[in-house]
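Undergrad: Below is a structure I'd like to ask you about.
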Amino acid sequence: MTTASICTIGDEILIGQIVDTNSSHISRALNDIGVKVTYMTSISDDHNDIVSQLSHCLDISDIVIVTGGLGPTKDDITKDALKELSGSAGYVESSVQMEIVKRILEARNMPMLETNRAQALVPEKAVVIPNELGTAPCMAFYGLGKSGKSVLYSLPGVPFEALGLLPKITGDISAKFSLEKITHYTVNTFGIPESVLAEKISGWEDALPENVKLAYLPNSTLGVRLRLTSFGGDVDFSPYILSLQEILGDAIYGYGQTSLQEEIGKALHLRGKTMSAAESCTGGRISELMTSIAGCSDYYKGSVTSYANSVKIGLLGVDPDVIARYGAVSEQCVRQMAEGVLKRLDTDYSVATSGIAGPGGGSAEKPVGMVWTAAARRNDDGSIDVVSRKLQFSSNRAVNIERFASGALNLLRLHIK
């Protein structure tokens, strides 16, 4: 299988001044055409480091894609390193890139400086791939590495320029390499911790064929996604998915690039039903998740962010004696919140949360990270069924809020189902 390394150049990445987004976009583009990315690295603005690291990548990969270090300033030194790496004796002017530089400067009413002219100079062994979006050239170098067959593509670091050049790069790769298909299939689960999930499906995982690899992708909002990947050839994943469904059952909530809120929306839309939310500790996060889906107005009516007890009592109809006896963070309170918002907003379903996100406010009986969730359903005869569940987490406030909201949505998903 054709392999690739992706390298970013610049001290600004290494010191955390900017976030590298180029690598993820490039990796996805390569994956789509059948190139397996096996190595990623960031390199400092040092000539020797660049030459050393890129040499290593060319030795271990068929393709190396580099971004950064091609601007008009003195700290952009990638081109000099590429001249040495490619065995070029000197520089030549790229007439194609020079015309682009002139056009861009004229459009911006800027003078042509020597630094601008220098950008059209490329190592003599470079093949220029015109960069219509900026003044820095995109360069390709062929016949490098220990094999003498590796290819290096050097792109500007500016994200919109690098991404704009990707179709040209992937087109050139497709024309020069015999590529095999890479296929992914993602199963989305919720409610089973990663370690427990791994133990639960260990036998199933061991039975997968050698050309199918499994990855665990935990996320506080999405749950644990199981990604199956096949390198080379077409694979029918359906037998493995069917056997996985028998093991995990309702813990599986969807497939591919989906989310709890999207699956809930589909279920409500299919049934012609509506929902609402009563949030305390989640502070509107459930509402934010639900309204992130286009078309949610078909089924999502709104929410009450009942942070104060007076709002729980005054708007949602929670019994003051319940709060006095059991506290706001209690099963009794959250069940009344769910029923109250369902009646108040006249919906078919509702979800509610009340917990302690932290960092303070916890106790021995109700520690930080504890949340009560509830989901209510209005039946055809007008009666209301309410289910509730207590969850316990231990992370910081932001992570707890994410987990509280997702845990509540998962309870609602199961109640709808």
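Undergrad: Residue 373: net charge of surrounding residues, Cβ under 12 Å, Lys/Arg +1, Asp/Glu -1, itself excluded?
TA: +3
Undergrad: Under 15 Å from the Cα of residue 176, which aspartates and glutamates turn up, not counting those fewer than eight places away in the same chain?
TA: Excluding near neighbours in sequence, the set is 62.
Undergrad: With the Cα gyration tensor of region 1-159 giving a ≥ b ≥ c as the square roots of its eigenvalues, does the rule (a/c under 1.5 for rounded; else a/b larger than b/c for prolate; else oblate) give rounded, prolate or oblate?
TA: Prolate shape, in that a/c is at least 1.5 and a/b is the bigger ratio.
Undergrad: In degrees between 0 and 90, to the nearest 10, how far off the longest principal axis of the chain does helix 331-345 point, with axes built from Cα atoms?
TA: 80
Undergrad: Past 32 Å, Cα to Cα, is the threshold; run 102/146; 146/213; 83/213; 200/273; 266/366 against it and keep the listed order.
TA: 102/146; 83/213; 200/273; 266/366
Undergrad: If packing is taken as the mean number of other Cβ atoms within 10 Å per residue, what is the order of 232-240, 103-111, 47-55, highest first?
TA: The peptides rank, most packed first, as 47-55, 232-240, 103-111.
Undergrad: Now a separate question. Among 37-45, 178-186, what's the highest-first ranking by average C-beta atoms within 10 angstrom per residue?
TA: Packing order, densest peptide first, comes out as 37-45, 178-186.
Undergrad: Now, a different point. Of all beta bridges DSSP finds with both residues in the chain, what is the antiparallel percent, to the nearest 5?
TA: Roughly 60 percent of the DSSP beta bridges within the chain come out antiparallel.
Undergrad: Which listed residue (333, 370, 395) has the Cα farthest towards the positive end of the charge dipole for region 330-398, taking +1 on Lys and Arg C-beta and -1 on Asp and Glu C-beta about the Cα centre?
TA: 395
Undergrad: Can you classify region 119-187 as rounded, prolate or oblate using the Cα gyration tensor, where a ≥ b ≥ c are the square roots of its eigenvalues, rounded means a/c under 1.5, and otherwise it's prolate if a/b beats b/c and oblate if not?
TA: Note, shape of region 119-187 comes out oblate.
Undergrad: Report the relative contact order of region 182-255, percent, no decimals, based on alpha-carbon pairs under 8 angstrom and at least 6 residues apart.
TA: With pairs under 8 Å counted, the relative contact order is 49 percent.
Undergrad: Please work out which option in (i) -0.38, -0.78; (ii) -0.51, -0.84; (iii) -0.42, -0.79 gives log10 I(q)/I(0) by the Debye sum over Cα atoms at q = 0.07, 0.10 Å⁻¹ calculated from these coordinates, and answer with its label.
TA: (ii)
Undergrad: Then there's this: In nanometres, what is the gap between the two model label sites at residue 92 and residue 25, each 7 Å from Cα along Cα-to-Cβ?
TA: In this crude label model, residue 92 to residue 25 measures out at 3.0 nm.
Undergrad: While we're here: Each residue of region 381-395 in turn: what ³J(HN,Hα) in whole Hz from Karplus with 6.51, -1.76, 1.60 and θ = phi - 60°, glycine and Pro shown as x?
TA: 8, x, 6, 10, 9, 10, 10, 9, 8, 9, 10, 10, 10, 9, 8
A short reminder: the numbers here are calculations on the coordinates, not readings from a lab. As the structure is a computational prediction, the values presented were derived from the model and not from experiment. Neighbour counts are summed over all protein chains in view; Cβ atoms, including those assigned to glycine, are modelled from backbone coordinates with ideal geometry.
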